[in-house]
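Structure, as structure tokens:
Bear in mind these aren't lab numbers, they're just calculated from the coordinates by the rules spelled out. Computed from a prediction, not measured in an experiment: that's the story for all the values here. Every residue, glycine as well, gets a Cβ built from its backbone with ideal geometry; the counts of neighbours run over all protein chains shown.
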């Protein structure tokens, strides 16, 4: 499944000082996965803290909507 990033998510990557590779790794191997209001939330503990990635699934891709630290 292809992972795509919205413009907002790209901006959040820069603001949160995260690499795309870190986010993709967190999505593929999360510590915790939740589903709320039709969105998937992936949580992963990194050295700098715990990050949460909010995604929307379609038939062909997983769209990253936003990223934030918990």
Open item on the list: Using 0.36 nm times the number of residues separating residue 69 and residue 32, minus their current alpha carbon distance, what extension gain do you get?
Closed with: 11.9 nm
- [ ] Provide the FRET efficiency to the nearest 0.05 for the residue 25-residue 58 pair, computing r from the beta carbons and using R0 = 22 Å.
- [x] 0.55
Open item on the list: What does DSSP give for region 2-69 in terms of the percent of beta bridges that are antiparallel, rounded to the nearest 5?
Closed with: 85
- [ ] Have a look at 22, 56, 47 and tell me which one the Gaussian network model of the chain (Cα, springs below 10 Å) gives the largest fluctuation.
- [x] 47
Task: Mean Cα-pair separation over length for region 2-69, i.e. relative contact order, pairs under 8 Å, 6 or more apart, % - done: 36
TODO: Specify which labelled value, from (i) 3, 16, 23, 20, 15, 11, 7, 3, 1, 1, 0; (ii) 4, 18, 33, 29, 14, 3, 0; (iii) 3, 19, 28, 23, 14, 7, 3, 1, 0, agrees with P(r) over Cα pairs in 5 Å bins from 0, in percent derived from the coordinates of the model shown.
DONE: (ii)
- [ ] Please give, to one decimal in nm, the separation of the simple spin-label points placed at residue 39 and residue 16, each 7 Å out from Cα toward the Cβ.
- [x] 1.1
Open item on the list: As a test of the formula, what do you get for the chain when each DSSP H run with n ≥ 4 contributes -39,500 (n - 2.57) and the sum is divided by the residue count, at 222 nm and rounded to the nearest 500 deg cm²/dmol?
Closed with: -8000 deg cm²/dmol
